[in-house]
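Read-outs: derived from the displayed coordinates by stated rules, not from any lab. Note that this is a predicted model, so its numbers are computed, not measured. Every residue, glycine among them, receives a Cβ derived from its backbone with ideal geometry; neighbour counts consider all protein chains shown.
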Amino acid sequence: MKEDDMVKGVKHLLDASTDDLIEESISQDKESSMDDPKLNEEYEFAFCWKDKRGHKWEGHFTNKILSIAEHQAVGILRSRLGGGIPVESLDLLTNELNLIIAHLSISLKIKPKWAEDLRTLVHIDLLQDLYKEVASHEAMFFGDVEFKEDSSS
């Protein structure tokens, strides 16, 4: 490729003002963000997690955004998992596990066989990583994740 051809390929960059280039970049980032599947009420995702021994847990999941009634159900299930004692009485890890298990038990519509009873798992970080994916869906859906143009200001 000749140097003249290369210059022609970036001529619009040379002719545009910095403000025009910034606006173009923001517009492209926003358009690509709007296509994110996490903006839908239901979010399908492939999950793969490998422990230190090399065993893999993988499969396809579908998470749904919870209704208010489902949020209430999460709270009730969380209480039941905690034996009905006040949340403040539980250690932080048990409290977190109860929250994650209650939430995922209700929000995950489709899950592989190994994830049907999350309390049978032995790897806490597996459970936490699965929850991170669900939490990122919810954050994006509710607008808690800023678009790229917002994060630079």
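Observations
- Total lysine pairs under 24 Å (Cα atoms) in region 61-153, excluding pairs fewer than 8 apart on one chain: 8
- Taking ILE101, ILE106, ILE85 and counting other C-beta atoms within 10 Å, the order from fewest to most: ILE85, ILE106, ILE101
- Fully extending the segment from ILE110 to SER89, taken as 0.36 nm per residue of separation minus the present Cα-Cα distance, adds 4.3 nm.
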